[in-house]
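First the structure, in the form of C-alpha coordinates, and then the observations on it.
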Amino acid sequence: MNPSLPIEVFDSLHELLHLFRARMRKAMEAVHPELTFNEMRILLRMGRQPGLTQKGLVERSHADKAQMARLLAHLEERGWLIRSASESDRRVRCLRLSAQGERLFAQLRTLQERVATELLRDCPPSMQADLLALLRQARDSAGHSDRPGRPD
(Lines give C-alpha, C1' and ligand atoms only; values in the text may rest on other atoms or scores of the structure.)
Protein backbone atom coordinates (compact mmCIF):
# COMPACT_ATOMS: atom_id res chain seq x y z
CA MET A 1 0.00 0.00 0.00
CA ASN A 2 1.38 3.42 -0.96
CA PRO A 3 1.44 6.18 1.62
CA SER A 4 -1.05 8.96 1.14
CA LEU A 5 -0.04 12.30 -0.35
CA PRO A 6 -0.28 14.13 3.02
CA ILE A 7 2.02 11.55 4.61
CA GLU A 8 4.50 11.90 1.74
CA VAL A 9 4.45 15.68 2.23
CA PHE A 10 5.35 15.33 5.90
CA ASP A 11 7.93 12.62 5.22
CA SER A 12 9.61 14.93 2.70
CA LEU A 13 9.51 17.87 5.12
CA HIS A 14 11.02 15.68 7.83
CA GLU A 15 13.83 14.50 5.52
CA LEU A 16 14.60 18.05 4.37
CA LEU A 17 14.66 19.33 7.95
CA HIS A 18 16.94 16.44 8.95
CA LEU A 19 19.35 17.36 6.13
CA PHE A 20 19.26 21.01 7.15
CA ARG A 21 20.00 20.20 10.80
CA ALA A 22 22.80 17.78 9.94
CA ARG A 23 24.48 20.30 7.66
CA MET A 24 24.03 23.08 10.21
CA ARG A 25 25.69 20.93 12.88
CA LYS A 26 28.64 20.29 10.57
CA ALA A 27 28.92 23.97 9.60
CA MET A 28 28.64 25.03 13.27
CA GLU A 29 31.70 22.98 14.17
CA ALA A 30 33.82 25.45 12.19
CA VAL A 31 32.40 28.44 14.08
CA HIS A 32 32.04 27.07 17.61
CA PRO A 33 32.73 23.34 18.03
CA GLU A 34 31.54 23.38 21.66
CA LEU A 35 28.17 24.96 20.82
CA THR A 36 25.32 22.46 20.96
CA PHE A 37 22.46 22.43 18.48
CA ASN A 38 19.97 23.41 21.21
CA GLU A 39 22.18 26.31 22.30
CA MET A 40 22.33 27.43 18.68
CA ARG A 41 18.53 27.29 18.41
CA ILE A 42 18.16 29.44 21.54
CA LEU A 43 20.70 32.00 20.31
CA LEU A 44 18.95 32.21 16.94
CA ARG A 45 15.54 32.65 18.60
CA MET A 46 16.87 35.32 20.96
CA GLY A 47 18.51 37.16 18.07
CA ARG A 48 15.19 37.23 16.22
CA GLN A 49 13.07 38.00 19.30
CA PRO A 50 15.01 40.10 21.82
CA GLY A 51 13.21 40.55 25.12
CA LEU A 52 11.48 37.17 24.99
CA THR A 53 10.93 35.73 28.46
CA GLN A 54 12.18 32.35 29.62
CA LYS A 55 8.56 31.19 29.86
CA GLY A 56 7.90 32.38 26.30
CA LEU A 57 11.00 30.59 25.07
CA VAL A 58 9.90 27.35 26.74
CA GLU A 59 6.43 27.65 25.17
CA ARG A 60 7.80 28.31 21.67
CA SER A 61 10.43 25.59 21.81
CA HIS A 62 8.27 22.99 23.62
CA ALA A 63 11.33 22.25 25.77
CA ASP A 64 11.45 21.08 29.35
CA LYS A 65 11.61 24.03 31.81
CA ALA A 66 14.53 22.60 33.77
CA GLN A 67 16.54 21.82 30.64
CA MET A 68 15.86 25.31 29.31
CA ALA A 69 16.97 26.87 32.61
CA ARG A 70 20.27 24.95 32.41
CA LEU A 71 20.83 25.93 28.77
CA LEU A 72 20.13 29.60 29.51
CA ALA A 73 22.45 29.58 32.54
CA HIS A 74 25.19 28.07 30.38
CA LEU A 75 24.71 30.68 27.65
CA GLU A 76 24.77 33.42 30.28
CA GLU A 77 27.99 32.01 31.82
CA ARG A 78 29.63 32.10 28.39
CA GLY A 79 28.69 35.75 28.03
CA TRP A 80 26.30 35.29 25.10
CA LEU A 81 23.02 36.00 26.90
CA ILE A 82 21.80 38.65 29.33
CA ARG A 83 18.79 38.29 31.61
CA SER A 84 17.14 41.44 32.93
CA ALA A 85 13.95 42.28 34.81
CA SER A 86 10.96 43.22 32.70
CA GLU A 87 9.95 46.88 32.85
CA SER A 88 6.29 45.93 33.32
CA ASP A 89 6.79 43.12 35.87
CA ARG A 90 10.03 42.98 37.89
CA ARG A 91 9.44 39.28 38.65
CA VAL A 92 9.69 38.37 34.95
CA ARG A 93 13.13 37.98 33.39
CA CYS A 94 13.60 39.08 29.80
CA LEU A 95 16.34 37.60 27.65
CA ARG A 96 18.55 39.28 25.08
CA LEU A 97 21.88 38.65 23.44
CA SER A 98 25.01 40.36 24.70
CA ALA A 99 27.33 42.09 22.22
CA GLN A 100 29.30 38.82 22.02
CA GLY A 101 26.04 36.91 21.54
CA GLU A 102 25.01 39.32 18.74
CA ARG A 103 28.27 38.58 16.90
CA LEU A 104 27.71 34.84 17.26
CA PHE A 105 24.08 35.28 16.12
CA ALA A 106 25.31 37.02 12.96
CA GLN A 107 27.70 34.13 12.26
CA LEU A 108 24.94 31.57 12.81
CA ARG A 109 22.50 33.42 10.54
CA THR A 110 25.16 33.48 7.82
CA LEU A 111 25.60 29.72 8.24
CA GLN A 112 21.84 29.19 8.07
CA GLU A 113 21.64 31.24 4.89
CA ARG A 114 24.49 29.31 3.29
CA VAL A 115 23.10 25.87 4.21
CA ALA A 116 19.53 26.75 3.21
CA THR A 117 20.68 28.21 -0.10
CA GLU A 118 22.73 25.11 -0.81
CA LEU A 119 19.84 22.77 -0.05
CA LEU A 120 17.45 24.75 -2.28
CA ARG A 121 19.95 25.53 -5.06
CA ASP A 122 17.91 23.65 -7.69
CA CYS A 123 14.68 25.47 -6.80
CA PRO A 124 14.30 28.91 -8.40
CA PRO A 125 13.33 31.78 -6.05
CA SER A 126 9.76 31.85 -7.44
CA MET A 127 9.34 28.18 -6.51
CA GLN A 128 10.79 28.84 -3.06
CA ALA A 129 8.30 31.69 -2.57
CA ASP A 130 5.43 29.41 -3.63
CA LEU A 131 6.63 26.69 -1.26
CA LEU A 132 6.87 29.18 1.61
CA ALA A 133 3.34 30.43 0.95
CA LEU A 134 2.00 26.86 0.88
CA LEU A 135 3.81 25.91 4.10
CA ARG A 136 2.52 29.01 5.88
CA GLN A 137 -1.00 28.25 4.67
CA ALA A 138 -0.72 24.65 5.94
CA ARG A 139 0.67 25.88 9.29
CA ASP A 140 -2.10 28.43 9.70
CA SER A 141 -4.74 25.87 8.72
CA ALA A 142 -3.37 23.36 11.22
CA GLY A 143 -3.40 26.04 13.92
CA HIS A 144 -7.08 26.75 13.27
CA SER A 145 -8.01 23.08 13.60
CA ASP A 146 -6.57 23.01 17.14
CA ARG A 147 -8.90 25.76 18.35
CA PRO A 148 -11.96 24.84 20.42
CA GLY A 149 -15.32 25.15 18.75
CA ARG A 150 -13.92 24.55 15.28
CA PRO A 151 -15.84 21.84 13.38
CA ASP A 152 -13.75 18.89 12.21
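The values are calculated or read from the model by the stated rules, or taken from the named source; none is laboratory data. In this text, all values refer to a predicted model and were calculated from it rather than measured experimentally. Note that each Cβ is placed from the backbone with ideal geometry, even for glycine, and that neighbours are counted across all protein chains shown.
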Notebook entry, point to check: Given (1) of a type outside the set (A, V, I, L, M); (2) under 19 Å from the mean Cα position of the chain (by Cα); (3) surrounded by 12 or more Cβ atoms within 10 Å (Cβ to Cβ); (4) farther than 24 Å from Ala69 by Cα, where does Asp130 come up short, assuming only one miss?
Noted result: (2)
Next item on the list: Can you tell me which residue among Leu120, Leu104, Leu111 is surrounded by 12 or more Cβ atoms within 10 Å (Cβ to Cβ) and without any contact (Cβ under 8 Å) to a residue 24 or more places away in the chain?
Entry: Leu120
Margin query: Being of a type in the set (Ser, Thr, Tyr) and either farther than 16 Å from Arg48 by Cα or part of a helix (DSSP H, G or I) (or both) is the filter here; which residues of segment 70-123 pass it?
Written below: Ser84, Ser86, Ser88, Thr110, Thr117
Check: From the list Arg121, Arg70, which one is at pLDDT below 95 and of a type outside the set (Val, Ile, Thr)?
Finding: Arg70
Next item on the list: Give me a count of the residues in segment 107-137 that are small (Gly, Ala, Ser) and touching a helix residue (DSSP H, G or I) at 6+ places or on another chain (Cβ under 8 Å).
Entry: 1
Next item on the list: Name the one entry in Glu29, Glu34, Glu76, Glu87 that is surrounded by 12 or more Cβ atoms within 10 Å (Cβ to Cβ), farther than 30 Å from Arg139 by Cα and without any contact (Cβ under 8 Å) to a residue 12 or more places away in the chain.
Entry: Glu76
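When you check Arg60 against the structure, is it assigned to a helix (DSSP H, G or I), loosely packed, with under 13 Cβ neighbours inside 10 Å, free of Cβ contacts under 8 Å to residues at least 60 places away in the same chain and under 16 Å from the mean Cα position of the chain (by Cα), yes or no? Let's see the steps before the verdict.
Working: assigned to a helix (DSSP H, G or I): yes; loosely packed, with under 13 Cβ neighbours inside 10 Å: yes; free of Cβ contacts under 8 Å to residues at least 60 places away in the same chain: yes; under 16 Å from the mean Cα position of the chain (by Cα): yes.
Here the answer is yes, as Arg60 does meet what is asked.
Report, by residue number, each residue of segment 1-23 that is over 20 Å from Leu132 (Cα atoms) and hydrophobic (A, V, I, L, M, F, W, C).
Taking segment 1-23 first, the residues over 20 Å from Leu132 (Cα atoms) are 1-4, 22-23.
Met1, Ala22 - these are the residues of segment 1-23 that are over 20 Å from Leu132 (Cα atoms) and hydrophobic (A, V, I, L, M, F, W, C).
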